[in-house]
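Shown next, in structure tokens, is the structure this report addresses.
The values are calculated or read from the model by the stated rules, or taken from the named source; none is laboratory data. The structure displayed is predicted, hence computed values, not measured ones. Every residue, glycine as well, gets a Cβ built from its backbone with ideal geometry; the counts of neighbours run over all protein chains shown.
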Amino acid sequence: MHMADALLSPAVGGTMWAASAGTIAYCSRKIRTGLDDHRVPLMGVLGAFLFAAQMINFTIPATGSSGHLGGGLLLAILLGPHAAFLTIASVLMVQALFFADGGLLALGCNIFNMGFFPAFVVYPLVYKPLVGANPTRSRLTAVTMLSAVLGLQLGPLAVVLETCFSGISSLPLNSFLLLMQPIHLAIGIVEGLVTVAIVLFVRQARPEIMQGAVDATPLGGRSLRGVVLAFLGAAVLTGGVLSWYASKNPDGLEWAIAKISGKSELPGPENGLHKILASLQERTAIFPDYDFKKTKAKAAKEEPKPDAALHPGTSIAGIVGGFIALLFAFCCGHLLKKRKPATEQS
């Protein structure tokens, strides 16, 4: 669900940049006074894991479409909403700058759509009230599924509205909406199943992680080493190997666009801000489309590799990208975490 710049006008893109920047500033202030030191490594490895997980598009049967994990709700459950928003913002910045996944003008929209709705709408208004203080396994499963599905309805709705308010594409509101919402309902169900599995694992291994996120309380003296290593290993395996088997079908957004226009990608304006940002992204993207850089002529001649083939470019992109995302999220938490007064440190 990463929006491309071709869908957005500078006015809408700039407005959403401002909205996301304001939310980042707000979260940074909250983190500065309330982040437990023990959660900083968790922010890093969850950022790496989410980066790797979003490389894997899974096929939606009988549609010709695919989807990938959004991860905003998962991060909110494990980190709390403020740290979750900063972590997903870090991942999306890395994807846009270094992997050309999502446009630079659209980055504000992507951060807001994939971070704000799960962290500051679904998590506090749906997940927390319904899950309660000490939920049973079945209650936790049901509430997590419901919350994931709702989050994957609000994000696509925002994409449709941002596109139509921009007015630079030929995508009609009603048709676009009627395609986007059902396909993301299916994607939301898969997201819910993955989120449930991870949440149940963490609840079994370290239940205080989730309780601390709900209550904004410190984790105490116990080390998170086991959970951190588990997510780190999952990130390396997912980005380095499982990413080879990602579905080649267009994602839900591309699928909806193709159903209306006949093309999965729409051409954007070839001048002005769109051209400047496209040129900038071309220079910063070290692994465009999660592979080695290729000339246009070489890319046109290259035949698609079978799913079982070794994809060294994808593996390196997954591991390098995961490390950069880990570094971004970890540094964000480390630089903003609560500083103890000098008298306490001594």
I'd like to verify a number: residues in region 10-50 that are more than 29 Å from S243 (Cβ to Cβ), at pLDDT 95 or above and among the polar types (S, T, N, Q), how many?
2
Mind listing whichever residues of region 262-275 are assigned to a helix (DSSP H, G or I) and exposed (fewer than 14 other Cβ atoms within 10 Å of the Cβ)?
G272, K275
So for region 235-257 (the condition being among the polar types (S, T, N, Q) and buried (at least 19 other Cβ atoms within 10 Å of the Cβ)), does at least one residue qualify?
yes
Filter region 99-114 for residues that are touching a Pro at 6+ places or on another chain (Cβ under 9 Å) and part of a helix (DSSP H, G or I); the one that is surrounded by the most Cβ atoms within 10 Å (Cβ to Cβ) is N113
Within region 17-54, how many residues are within 26 Å of P267 (Cβ to Cβ) and surrounded by 24 or more Cβ atoms within 10 Å (Cβ to Cβ)?
1
Qualifying positions in region 160-186 - hydrophobic (A, V, I, L, M, F, W, C), more than 25 Å from G14 (Cα to Cα) and surrounded by fewer than 17 Cβ atoms within 10 Å (Cβ to Cβ)
L178, L185
Quick test of your reading of the structure: G70 fulfils all but one of (1) within 15 Å of the chain's Cα centre (by Cα); (2) under 19 Å from Y123 (Cβ atoms); (3) in a helix (DSSP H, G or I); (4) of a type in the set (G, A, S). Name the failing condition by number.
(3)
Go through the residues of region 196-217 one by one and say whether even a single one is hydroxyl-bearing (S, T, Y), modelled with pLDDT under 90 and outside any helix (DSSP H, G or I).
yes
When region 152-204 is checked residue by residue, the ones that are over 17 Å from A53 (Cα atoms), in contact (Cβ under 8 Å) with a residue 24 or more places away in the chain and touching a Phe, Trp or Tyr at 6+ places or on another chain (Cβ under 8 Å) are L154, G155, A158, T163, L179, I183
